[in-house]
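Here, each number is a calculation from the coordinates, and none is a lab measurement. The shown structure was predicted, so the numbers you read here are calculated from the model rather than taken from an experiment. Neighbour counts run over all protein chains shown; Cβ positions are idealised from the backbone, glycine included.
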Ligand code: UD1
């Protein structure tokens, strides 16, 4: 069944009120599920969001031969039964994050085979995996391709520690090679590594289970390789989703009488809170909550440049663009991570926004402009949620199609948004 969201816009009204909970981070749990392959015992993950991408990863693990059990928001993964380190074609092609399995599988079995990973179509063509392949080669592997399937074999039967310098910063490449190095022979240095909070959380948990990783959260990570890890019943709690946190914050800034965002880590969205405050939004934080009020404020425009963490997250770029359509004056956004990740702005223009697309990475937004409800199609997980925000502040009804994309990243988003007053319903078509 294909669901759509129907949203009756608030027409600029600041009516949202109440508490909204942030769930566990999609981008953290996909990696902790892959990390289960490094363990000799069962791994328990908690605060796991119930989203499409997690189900795909669970299927991928089951297809490998692992036992995956779910109890509400906890998963138990036992990878002892994994036979062949070969990723299922159909599942892996649908999910970009399937690439993170290559590291732990290669580390444990000395070989791995997988198809070119799929996922969101961001920018032109398939997202490259050269950083992963070069890293594996440095760790003593031979890479063979057969059509668009990769076969990677560790020449000595086991990975060896290496000096790896990433020529560009990649979140998944950092995580994948960090996990691979955990079971390698010798010490690995990852330089120009990504510094996202999900990487720090992963390293800390692996260390608590016997790994020796130093420097996660800085550009140089040192990993002393060793044997398989053991959780001894320790539970890996998924950190709060900072993209969900930031999206709720932006929604509250636009339409919140008073919205309290709970179960989050405000430190992980520090750059966003800083910018929104500069723009005139009233924000108060505690270590785990954020209270935001729109207060009828006239917002100042902003100049945003997406950047690796701790810079402005590319995944928060679509919601901030919606926000900037309501700021008074001229704002600019420079998307430095993914070229092509601005094409959804055409739909905001159809809704009444004044946005000039200069090239695939740069836009100017003139505001404020009232938005009107439209029929929209969610192009990817992040732009999809931005459309929900745009539809909420618009005049009249919007219908958002392709909700599948939104469900990939956000658990029952409509229920949580309805609880703070967003007039949204899910309709099966
Ligand atoms: C992760 C996040 C995604 C986020 C992105 C950037 C997950 C599952 N997804 O994606 O939500 O938008 O970080 O913060 O965690 N690149 C190469 N060669 C490679 C790998 C990447 O050139 O081998 C390039 C990419 O094309 C892109 C840049 O590096 O331009 C950053 O991508 P990367 O950090 O790898 O994004 P993901 O890890 O895929």
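Nearest 10 degrees is fine. How inclined is helix 270-279 to the longest principal axis of the chain, computing both from alpha carbons?
10 degrees
In µm²/s, what is D for segment 129-196 at 25 °C and 0.890 mPa s, where D = kT/(6 pi eta Rh) by Stokes-Einstein and Rh is the Kirkwood radius from Cα pairs?
On the way: Rh = 12.1 Å.
The Stokes-Einstein estimate is 202 µm²/s.
Arranged from highest to lowest average of other beta-carbon atoms within 10 Å per residue, in what order do the peptides 349-360, 9-20 appear? Walk me through the numbers on the way to the answer.
Numbers: 349-360: 15.6, 9-20: 18.0.
The densest-packed peptide leads the list: 9-20, 349-360.
Need one number: nm distance between label points at residue 284 and residue 89, each 7 Å from Cα along Cα→Cβ, rounded to one decimal.
For residue 284 paired with residue 89, the spin-label model returns 5.9 nm.
I'd like the distance between the alpha-carbon centres of segment 27-63 and segment 368-429, rounded to an integer number of Å.
27 Å
Connecting C-alpha atoms closer than 10 Å in a GNM of the chain, tell me which of 228, 288, 306 has the biggest fluctuation.
Comparing 228, 288, 306 in a Gaussian network model of the chain, the most mobile one is 288.
Would you kindly calculate the mean projected area, averaged across all directions, of the convex hull enclosing the Cα atoms of segment 1-77, in square nanometres?
Details: hull surface 30.3 nm².
The Cα convex hull of segment 1-77, projected and averaged over all directions, gives 7.6 nm².
Could you give the alpha-carbon Rg of segment 299-399 over 2.2 N^0.38 Å, rounded to two decimals?
On the way: Rg = 12.4 Å, N = 101, 2.2 N^0.38 = 12.7 Å.
Its radius of gyration relative to the 2.2 N^0.38 Å reference: 0.98.
So what is the relative contact order for segment 262-316, in percent, with contacts set as C-alpha pairs under 8 Å and at least six apart? Each step should come with its number before you reach the end.
On the way: 60 pairs, mean separation 18.1, N = 55.
This gives 33 percent for segment 262-316.
Before anything else, pin down the relative contact order of the chain: Cα pairs under 8 Å, at least 6 apart, normalised by residue count, whole percent. Could you put the intermediate results ahead of the total?
Values: 1037 pairs, mean separation 94.4, N = 429.
This gives 22 percent for the chain.
For the chain, set up a GNM with springs between Cα atoms under 10 Å and report which of 71, 402, 23 has the largest fluctuation.
Looking only at 71, 402, 23, the largest GNM fluctuation is found for 71.
Helix 242-255 versus the longest principal axis of the chain: what angle, 0 to 90°, nearest 10, using Cα atoms?
0 degrees
List the residues of segment 161-181 whose backbone N lies under 18 Å from a point placed 7 Å from the Cα of residue 192 along the Cα-to-Cβ direction.
Label zone hits: 162-178.
What number results when the radius of gyration of segment 68-114, computed over Cα atoms, is divided by 2.2 N^0.38 Å?
Normalised Rg, Cα atoms only: 1.26.
Relative to the longest principal axis of the chain, what angle (0 to 90°, nearest 10) does the C-alpha long axis of helix 197-208 take?
So the helix axis and the longest Cα principal axis differ by about 30 degrees.
So what is the 222 nm mean residue ellipticity for the chain from helices alone, if each DSSP H run of at least 4 adds -39500 (n - 2.57) and you divide by all residues, rounding to the nearest 500 deg cm²/dmol? Could the numbers behind the result be given before it?
Numbers: 14 runs with 132 residues, N = 429.
It comes out at -9000 deg cm²/dmol, rounded to the nearest 500.
How high is the relative contact order of segment 44-185, in percent, with contacts defined as C-alpha pairs under 8 Å that are six or more residues apart?
Working: 229 pairs, mean separation 29.8, N = 142.
Result for segment 44-185 is 21 percent.
Which value does Rg/Rh take for segment 232-279 over its C-alpha atoms, Rh per Kirkwood?
Values: Rg = 13.4 Å, Rh = 12.0 Å.
Using Cα coordinates only, the ratio equals 1.11.
Find the Cα radius of gyration of segment 27-151, compare it with 2.2 N^0.38 Å by division, and give the number to two decimals.
On the way: Rg = 14.2 Å, N = 125, 2.2 N^0.38 = 13.8 Å.
So the Cα radius of gyration is 1.03 times the expected 2.2 N^0.38 Å.
Rounded to the nearest 5, what % of DSSP beta bridges with both residues in the chain are antiparallel?
On the way: 54 of 78 bridges.
Roughly 70 percent of the beta bridges in the chain run antiparallel, per DSSP.
When a/c is below 1.5 the answer is rounded, else prolate if a/b is larger than b/c, else oblate, so apply that to segment 274-316 with a ≥ b ≥ c taken from the square roots of the Cα gyration tensor eigenvalues.
Details: a/c = 2.84, a/b = 1.25, b/c = 2.28.
Verdict is oblate for segment 274-316.
Is the shape of segment 157-261 best called rounded, prolate or oblate, per the rule: a/c under 1.5 gives rounded, else a/b larger than b/c gives prolate, else oblate, with a ≥ b ≥ c the square roots of the Cα gyration tensor eigenvalues?
Details: a/c = 3.85, a/b = 1.88, b/c = 2.04.
Here segment 157-261 falls in the oblate category.
Write down Rg/Rh for the chain, rounded to two decimals, with Rg from the C-alpha atoms and Rh from the Kirkwood relation over Cα pairs. Write out the running numbers ahead of the final one.
Working: Rg = 21.7 Å, Rh = 22.1 Å.
Checking Rg against Rh, the ratio lands at 0.98.
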